[in-house]
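This report refers to the structure that appears directly beneath it.
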Amino acid sequence: MSLLQLEHVSHRYGNQRFLARQAEQTVLQDVSLTLEAGTCLGLLGRSGAGKSTLGRILLGLERPKAGRVLFDGQDIYESASKDYRKDIQVVFQDSFAAVNPKLTAGQIIAEPLTNFLRLSPDALHDRLGGLMIQVGLSATDLTKYPHQFSGGQLQRICIARAIATNPKLIILDEAVSSLDMVNKALILDLLRNLKETLGLAYVFITHDVQAAQALSDRFVILDQGQLVGEYPTLLSFSEATDEHVQAIRQAVLAIHPRHRTIRK
């Protein structure tokens, strides 16, 4: 049984308003896919393709209009149990917007631990220190506030918060797209190491082909809310020449400005 299964998921926005009806817009249409434990699925698409909406649906934050989302065989929108919330975590693109600026790093990472686990003060302190070291920071940084960290360091704190409860699946929603090239490479290395050592599964939502290739085992492409391409291996994706893959590749700027072209 797959860790995650989407069965014919469709979603649209629009609702009835007083004396008027807002036009409905379909953002996902008949999306079906699976994810095995310990693997990374690269979910690619251009802006407006429906990637982030699908991410919210996977997290249980937005119920789809049709279809099912199964996690460990359980329909997360029909089951009375909410145990899956501990096992599915998220890392967002904007690390500064994803944290409370009035909380210390220790308090930020401790949030899911206090929500889902009952730890003694000593056990909590040890767990927090271990998580900081695991993501490449120091336990002495636990008392610092978000503004005292760089963007790359704060994203590491968000990753520490995501792995705190020993989840099975992490949704990475453009988790490296706001970082410079050096920090992007370092965070991708960290995510790859955590995947291997902790047996994590990822859904890596991104428009960055290079980042997706660095982390993902399988690839799917969303375009206007529909799955338009599925690639079971890195090689099959790297060698793909269909129009949807080419469109995503062209949307990414070359690393050096000299190699960029002016669009007319």
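Descriptive notes on the structure:
- Complete set of residues in the stretch 65-91 that are closer than 23 Å to residue 141 by Cβ and either at pLDDT below 95 or of a type in the set (S, T, N, Q) (or both): 89
- Annotation note: Cβ proximity below 9 Å between a residue of the stretch 225-249 that is at positive phi and a residue that is of a type in the set (Val, Ile, Thr) and surrounded by 17 or more Cβ atoms within 10 Å (Cβ to Cβ) (sequence gap 6+ or interchain) occurs for 225/27; 225/31; 225/53.
- Qualifying residue in the stretch 7-17 (condition: in contact with a strand residue (DSSP E or B) (Cβ under 6 Å, 6 or more places away or on another chain), closer than 24 Å to residue 217 by Cβ and hydrophobic (A, V, I, L, M, F, W, C)): yes
- Residue 241 β-branched (Val, Ile, Thr) and either within 22 Å of residue 3 (Cα to Cα) or surrounded by 15 or more Cβ atoms within 10 Å (Cβ to Cβ) (or both): no
- Flag for residue 168 being buried (at least 17 other Cβ atoms within 10 Å of the Cβ), under 28 Å from residue 128 (Cβ atoms) and touching a Cys at 6+ places or on another chain (Cβ under 8 Å): no
- Of the residues making up the stretch 20-61, those that are at negative phi and charged (D, E, K, R) are 21, 24, 36, 46, 51, 56.
Every residue, every condition in (1) out of contact with any Asp or Glu (no Cβ under 7 Å at 6 or more places or on another chain); (2) over 19 Å from residue 48 (Cα atoms); (3) modelled with pLDDT of 90 or more; (4) assigned to a helix (DSSP H, G or I), yes or no:
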| position | (1), (2), (3), (4) |
| --- | --- |
| 213 | yes, yes, yes, yes |
| 221 | yes, no, yes, no |
| 228 | yes, no, yes, no |
| 241 | yes, yes, no, no |
| 245 | yes, no, no, yes |
| 248 | yes, no, no, yes |
| 252 | no, no, no, no |
| 255 | yes, yes, no, no |
| 258 | yes, yes, no, yes |
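- Here the condition is being at pLDDT 95 or above, over 25 Å from residue 214 (Cβ atoms) and of a type in the set (Asp, Glu); of 7, 62, 24, it holds for 7 alone.
- Put simply, of 80, 97 the only residue that is without any contact (Cβ under 8 Å) to a residue 60 or more places away in the chain and closer than 22 Å to residue 187 by Cα is 97.
The values are calculated or read from the model by the stated rules, or taken from the named source; none is laboratory data. Owing to the predicted nature of the structure, the values given are computational and were not obtained by experimental measurement. Glycine gets a Cβ as well: all are built from the backbone with ideal geometry, and neighbour counts include every protein chain shown.
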